[in-house]
Amino acid sequence: MLTVDEGARTAGEKAKPLTEAEKEDLKEAFARDGYFVIRNVVSPERLAELHKSLEQEFEAATKSGALFSGGGLRSGHLNCFPGQAGRFVYDTLQDKGIIDLIKEIDPRVVRMPNVGCNFNLPGSHTQHYHLDRPFTRDFMIANVAVVDSTIENGAMEAIPGTHKRFYKYTQFVLERVARNAVRVPLKRGDVLVRTSNVWHRGTANHTSAPRPMLAMTWEDGGNNLEDPFAADGGKIKFLPNWFKPTRAGRIREELFVKVPVTYSALRFARSLVDKEY
């Protein structure tokens with residue numbers, strides 16, 4: 001895995017654009033591994049402010065009863081919309097030239113991104129390895145660490161090079177592809193650029209604090225809104241992750257948590273009949 005270290009940055013500093021040599025190195029790493037990391041990109045001070053806002057909103061939603069039941073709460077992985085509070089992150093990536101680099105890697109990136117955040121709760125359970133969409137419908141992703149993402153609080157696990165070919169889940173299991181997995185720890189302000197076709201999984205958070213990770217994604221070219229950060233009034237909002245907040249969804253989530261081998265067996269069986277899975 002290639003990383004580019006830009007040195008420490010503070011809230012008042014302007015992002016220094018990537019050089020052509022750095023961009024070429026990153027493109028090579030992307031072609032080889034399906035992802036790369038650029039260090040010390042986004043202001044840690046401003047990310048600390050965003051982190052505080054996310055935690056306060058989650059606490060308020062939990063206390064008020066506004067938060068849904070299930071939908072990732074039991075397994076410990078939620079989605080979150082950061083709203084206008086996260087706009088500065090995109091602006092920094094644009095100033096840095098990272099958005100242009102993403103467009104060079106994938107010319108299908110033509111609009112602003114869809115905006116989200118993975119909120120990994122204390123006591124969460126390690127996810128199953130997965131792609132973010134079927135292999136033939138890949139898209140670009142830029143993850144930004146809002147806090148240090150460590151082995152202890154659930155740093156992502158990725159399998160380099162798995163974007164190069166399509167694995168049915170049966171093949172993935174039988175060929176023991178996961179033995180090549182590596183953890184990808186990040187410091188606050190680091191950027192991980194990847195394709196949705198890299199097999200990966202979120203891991204367990206063994207700390208007492210949530211671990212948020214911003215995600216800007218370009219499904220089908222990106223978001224149709226002029227400013228996706230202003231959607232829904234630009235307010236922070238928590239959303240379900242893998243599991244729907246319905247009775248059936250809660251049963252599936254409980255199965256995933258209590259009997260993960262059964263969940264894996266269901267995935268294996270589906271792969272036998274589904275051509276894209």
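The values are calculated or read from the model by the stated rules, or taken from the named source; none is laboratory data. Just so you know, these numbers come straight off a predicted model, no measurement behind them. We place every Cβ from the backbone using ideal geometry, glycine too, and count neighbours over all the protein chains shown. Note: accessible area is taken over every heavy atom of the protein model, side chains too, but ligands, DNA and RNA are not part of it. Shrake-Rupley method; radii C 1.70, N 1.55, O 1.52, S 1.80 Å.
Just the residues that are of a type in the set (Lys, Arg) and within 23 Å of the chain's Cα centre (by Cα), please, taken from segment 233-277.
Within segment 233-277, the subset of a type in the set (Lys, Arg) is 235, 237, 244, 247, 250, 252, 258, 267, 270, 275.
Listed by number, the residues that qualify are LYS235, LYS237, LYS244, ARG250, ARG252, ARG267.
Among the residues of segment 44-59, is any in contact (Cβ under 8 Å) with a residue 60 or more places away in the chain and not in a helix (DSSP H, G or I)? Reasoning before the result, please.
First, the residues of segment 44-59 that are in contact (Cβ under 8 Å) with a residue 60 or more places away in the chain: 44, 47-48, 50-51, 53-55, 57-58.
Within this subset, residues satisfying the condition of being not in a helix (DSSP H, G or I) are none.
No, because not a single residue in segment 44-59 is in contact (Cβ under 8 Å) with a residue 60 or more places away in the chain and not in a helix (DSSP H, G or I).
For segment 215-228, which positions are within 26 Å of GLY123 (Cα to Cα) and open to solvent by 10 Å² or more (accessible area, probe 1.4 Å)?
ALA215
Has segment 100-113 got at least one residue that is within 14 Å of the chain's Cα centre (by Cα) and of a type in the set (A, V, I, L, M, F, W, C)? I'd like the intermediate steps shown before the answer.
Filtering segment 100-113 down to residues within 14 Å of the chain's Cα centre (by Cα) leaves 113.
Restricting the remaining residues to those that are of a type in the set (A, V, I, L, M, F, W, C) gives none.
No, every residue in segment 100-113 fails to be within 14 Å of the chain's Cα centre (by Cα) and of a type in the set (A, V, I, L, M, F, W, C).
Quickly run through segment 153-191 and pick out the residues that are over 30 Å from ALA265 (Cβ atoms), out of contact with any helix residue (DSSP H, G or I) (no Cβ under 6 Å at 6 or more places or on another chain) and open to solvent by 40 Å² or more (accessible area, probe 1.4 Å).
Passing the criteria: PRO185, LYS187.
Looking at segment 240-250, which of its residues are open to solvent by 60 Å² or more (accessible area, probe 1.4 Å) and under 22 Å from ASP132 (Cα atoms)? Show your work before the answer.
Filtering segment 240-250 for residues open to solvent by 60 Å² or more (accessible area, probe 1.4 Å) gives 242, 244, 246-248, 250.
TRP242, LYS244, THR246, ALA248, ARG250, listed by residue number.
Looking only at segment 69-100, count every residue that is out of contact with any Asp or Glu (no Cβ under 9 Å at 6 or more places or on another chain), surrounded by 15 or more Cβ atoms within 10 Å (Cβ to Cβ), small (Gly, Ala, Ser) and under 25 Å from HIS206 (Cα atoms) and tell me the total.
Residues in segment 69-100 being out of contact with any Asp or Glu (no Cβ under 9 Å at 6 or more places or on another chain), surrounded by 15 or more Cβ atoms within 10 Å (Cβ to Cβ), small (Gly, Ala, Ser) and under 25 Å from HIS206 (Cα atoms): 1 in total.
Residue by residue, here is whether (1) in contact (Cβ under 8 Å) with a residue 12 or more places away in the chain; (2) in contact with a Ser or Thr (Cβ under 8 Å, 6 or more places away or on another chain); (3) within 21 Å of GLU253 (Cα to Cα); (4) buried (at least 19 other Cβ atoms within 10 Å of the Cβ) holds:
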| residue | (1), (2), (3), (4) |
| --- | --- |
| ILE102 | yes, no, no, yes |
| VAL110 | yes, no, no, no |
| ARG133 | yes, yes, yes, no |
| ASP138 | yes, yes, no, yes |
| ILE141 | yes, yes, no, yes |
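Would you check if there is a residue in segment 25-32 being part of a helix (DSSP H, G or I), in contact with a Cys (Cβ under 9 Å, 6 or more places away or on another chain) and modelled with pLDDT of 95 or more?
In the first step, residues of segment 25-32 are kept if they are part of a helix (DSSP H, G or I); the result is 25-32.
From the residues that got through so far, the ones that are in contact with a Cys (Cβ under 9 Å, 6 or more places away or on another chain) too are none.
Looking for residues that are part of a helix (DSSP H, G or I), in contact with a Cys (Cβ under 9 Å, 6 or more places away or on another chain) and modelled with pLDDT of 95 or more, one finds none in segment 25-32, hence no.
Which residues, taken from segment 254-268, are of a type in the set (Ser, Thr, Tyr) and surrounded by fewer than 15 Cβ atoms within 10 Å (Cβ to Cβ)? Outline the logic, then answer.
Within segment 254-268, the first condition is being of a type in the set (Ser, Thr, Tyr), and the residues that meet it are 262-264.
Hit for segment 254-268 is THR262, nothing else.
Among the numbered criteria (1) in contact (Cβ under 8 Å) with a residue 24 or more places away in the chain; (2) open to solvent by 60 Å² or more (accessible area, probe 1.4 Å); (3) of a type outside the set (Asp, Glu), which single criterion is violated by SER149?
Among (1) in contact (Cβ under 8 Å) with a residue 24 or more places away in the chain; (2) open to solvent by 60 Å² or more (accessible area, probe 1.4 Å); (3) of a type outside the set (Asp, Glu), the lone unmet condition for SER149 is (2).
Tell me the residue from ALA29, ALA66 that is touching a strand residue (DSSP E or B) at 6+ places or on another chain (Cβ under 6 Å) and either without any contact (Cβ under 8 Å) to a residue 12 or more places away in the chain or surrounded by fewer than 20 Cβ atoms within 10 Å (Cβ to Cβ) (or both), please. Walk me through it before giving the result.
Numbers: ALA66 fails: touching a strand residue (DSSP E or B) at 6+ places or on another chain (Cβ under 6 Å).
Residue meeting the stated conditions: ALA29.
Being surrounded by 14 or more Cβ atoms within 10 Å (Cβ to Cβ) and within 30 Å of ASN180 (Cα to Cα) is the filter; apply it to segment 1-17 and report the residue that is modelled with the lowest pLDDT.
GLU6
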